[in-house]
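Worksheet: the structure to be examined is printed underneath.
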Amino acid sequence: MGLSAAGSAYGSSKSAEANRKADHYLRGRMSALDADYAQNYYKDFLDSSTARSAVSRLNRTFKDEADKLRGRSVVSGLTAEAELAGKDNLQQRYADAVSNLAGVGTQYKQNIKNQYMQNRAGLENQTYANLAGKATNWSNFGQNVTNAGSNVLKAWAAGGFDKADNGQVKVTPETINYE
């Protein structure tokens, strides 16, 4: 009975220590996740290296196209109006490409948000599981205390705490709980 109570107390102590460590770890992961989300979600996509690279590529491509248009204008003798119309067409295509890139930025932000929400839900589920484990541990501890008290009462009622002739508490088979 005493060994059972000591084992229960030791197990409860170790369980509480593990729960504290798990709580600390989960709080740290949640903080890191929140910081990463804030850093990435609120950053302007067009300032990212991916977007800068795409804009640079667009600039080179449209500069080359403008140079070709200018060369064709000189060789074929296009009128200024025709050359201007060609440049307007290039400008419109460039604006469309940059607009499409901004749309990619919106998708990028949405992906960051979706991943954040999924990871946060996972951490919240782990936190909830830890809380549920704590509740179970306390329930088990309460049950163990109740069982220990019940066993003491059974032993007392069976005369297990009566003094023997030598002054020692006598333990009999009837006073031991074999459950």
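Within the stretch 115-135, the presence of at least one residue that is exposed (fewer than 12 other Cβ atoms within 10 Å of the Cβ), more than 21 Å from the chain's Cα centre (by Cα) and closer than 30 Å to residue 14 by Cβ is confirmed. Inside the stretch 30-47, residues that are over 12 Å from residue 116 (Cα atoms), touching a residue at least 12 places away in the same chain (Cβ under 8 Å), in a helix (DSSP H, G or I) and of a type outside the set (Phe, Trp, Tyr) make up a count of 1. Exactly one residue out of 77, 71, 86, 11 is of a type outside the set (A, V, I, L, M) and on the phi > 0 side of the Ramachandran plot, and it is 77. Checked against (1) surrounded by 12 or more Cβ atoms within 10 Å (Cβ to Cβ); (2) among the acidic types (Asp, Glu); (3) without any contact (Cβ under 8 Å) to a residue 12 or more places away in the chain, residue 83 passes all but a single condition, namely (3).
Of all residues in the stretch 50-108 being under 44 Å from the mean Cα position of the chain (by Cα) and hydroxyl-bearing (Ser, Thr, Tyr), which is farthest from residue 40 (Cα to Cα)? Looking at the filtered set, the residue picked out is 61.
Every read-out reported here was derived from the displayed coordinates using simple, explicitly stated rules and does not represent laboratory data. Only a predicted model underlies this, so the values are computations on that prediction, with no experimental measurement involved. Cβ atoms come from the backbone with ideal geometry, glycine included; neighbour counts cover every protein chain shown.
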